[in-house]
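Asks: Can you read through this structure? Questions will come right after.
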Amino acid sequence: MCEKTKFRLPINWLVIALILSLYILGYFFYPYLPERVPSHWNISGQVDGYSSRTFHVLFFPSMILALYVLMSFAPILDPRPENYKKFQGVYEGFRWVMVGFLIVLYVVTTLFALGFPISIGRIVRFCIGVLLIFIGNYFGKIKHNYTFGIKTPWTLASEEVWNKTHRVSGPLWVVAGLVWIISVFIPEKQSFVVSMGVLFLVSFYGFIYSYILFQKLKKE
């Protein structure tokens with residue numbers, strides 16, 4: 001265990017400060033929030049789920065904080081912690097992008113609850129598009145691990161399959177991200193179908209590609 005702790009990613013205290021500032025933001029806006037805060041939107045962009053304002057201002061920041069800490073300790077929990085050193089910069093960038101996305105989501109849902117006319121669906125699709133572009137752009141640099149990346153039975157079983165699957169899938173995920181961003185300009189229901197359809201296709205392609213490649217290498 002002591003050996004594995006060497007690969008724990010450092011906790012960035014600027015990120016921690018940003019997350020903790022959400023509690024202050026929630027405390028400030030709490031008296032102005034309605035008793036029931038919108039928490040879920042359907043594919044048409046209409047609210048179909050609510051939570052209490054107390055739950056909103058406490059749970060959301062706590063979830064972001066817990067996720068960030070968990071990502072910091074992922075190398076310790078992973079069976080191949082040493083490989084994280086080989087793509088530490090990429091993983092650190094992913095932590096920033098993920099936390100940034102969740103912070104934006106918290107802020108815009110809070111503003112929506114306060115009565116600001118914000119299209120949550122469009123903002124979420126744009127942010128997810130940025131996240132997909134980031135991931136796809138760096139897929140080829142992610143080394144074999146059991147936590148972060150395209151995890152199929154065949155990529156986990158073979159480092160060669162892992163590397164080739166990520167290199168092939170990377171550009172496809174970038175394209176998927178661009179589609180998610182462009183989808184903000186079409187109606188909610190259609191954009192949901194298009195964006196989710198594209199994400200399913202590129203994910204399915206990586207799944208099938210890794211299987212075919214694994215079977216091919218096994219025969220050689």
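Every read-out reported here was derived from the displayed coordinates using simple, explicitly stated rules and does not represent laboratory data. Quick caveat: nothing in here was measured; it's all calculated off a predicted structure. Heads up, the Cβs are rebuilt from the backbone with ideal geometry, glycines too, and the neighbour counts pull from every protein chain shown.
Asks: What is the log10 of I(q)/I(0) for the stretch 119-220, computed with the Debye formula using one identical point scatterer on each Cα and no solvent, at q = 0.12, 0.15, 0.22, 0.24 Å⁻¹?
Replies: -0.42, -0.61, -1.02, -1.14
Asks: Please identify, among Gly100, Gly121, Gly197, the residue showing maximal mean-square fluctuation in a Gaussian network model of the chain using a 10 angstrom Cα cutoff.
Replies: Largest GNM mean-square fluctuation: Gly197.
Asks: Exactly which chymotrypsin sites (Phe, Trp or Tyr not before Pro) in the stretch 57-149 are in a DSSP loop and have at most 15 other Cβ atoms within 10 Å?
Replies: In loop regions of the stretch 57-149 (DSSP not H, G, I, E or B), the sparsely surrounded chymotrypsin sites (Phe, Trp or Tyr not before Pro) are Tyr146.
Asks: Roughly how tilted is helix 188-219, in degrees to the nearest 10 and between 0 and 90, from the longest Cα axis of the chain?
Replies: The angle comes out near 20 degrees.
Asks: Please give the contour-minus-distance gain from Asn12 to Glu35: 0.36 nm per residue of separation, less the Cα-Cα distance, rounded to one decimal in nm.
Replies: Numbers: separation 23, 0.36 × 23 = 8.28 nm, distance 3.43 nm.
Length difference between fully extended and current span is 4.9 nm.
Asks: For the chain, compute the orientation-averaged projected area of the C-alpha convex hull (one quarter of its surface), in nm². Numbers along the way, then the final one.
Replies: Numbers: hull surface 53.9 nm².
Dividing the Cα hull surface by four gives the mean projection, 13.5 nm².
Asks: Can you give me the C-alpha center-to-center distance between the stretch 192-207 and the stretch 31-109, rounded to a whole angstrom?
Replies: Answer, in whole Å: 22.
Asks: Let me ask something additional. Can you give the angle from 0 to 90° between the axis of helix 13-29 and the longest principal axis of the chain, with both taken from C-alpha atoms, to the nearest 10?
Replies: 30 degrees
Asks: Moving on to the next point. Counting other Cβ atoms within 10 Å of each Cβ, which GluC sites (Glu not before Pro) in the stretch 7-99 have at most 10 and sit in a DSSP loop? Could the numbers behind the result be given before it?
Replies: Working: sites: Glu35, Glu82, Glu92; in loops: Glu35.
Answer in residue order: Glu35.
Asks: Subtracting the Cα-Cα distance from 0.36 nm times the residue separation, let me have the gained length for Tyr23 to Ser44 in nm, one decimal. Kindly include the intermediate steps, with their values, before the conclusion.
Replies: Details: separation 21, 0.36 × 21 = 7.56 nm, distance 3.04 nm.
Residue separation times 0.36 nm, minus the Cα-Cα distance, leaves 4.5 nm.
Asks: Computed FRET efficiency, Cβ-Cβ of Val104 and Glu82, R0 35 Å: what is it to the nearest 0.05? It would help to have the intermediate numbers written out before the result.
Replies: Numbers: r = 34 Å, r/R0 = 0.96.
Once the sixth-power term is evaluated, E becomes 0.55.
Asks: For helix 120-138, report the angle its Cα long axis makes with the longest principal axis of the Cα atoms of the chain; keep it between 0 and 90° and round to the nearest 10°.
Replies: Rounded to the nearest ten degrees, it is 20.
Asks: Quick check: pseudo-label points 7 Å beyond the Cα along Cα→Cβ at Ile182 and Phe55, how many nm apart are they?
Replies: The answer from the label model is 3.8 nm.
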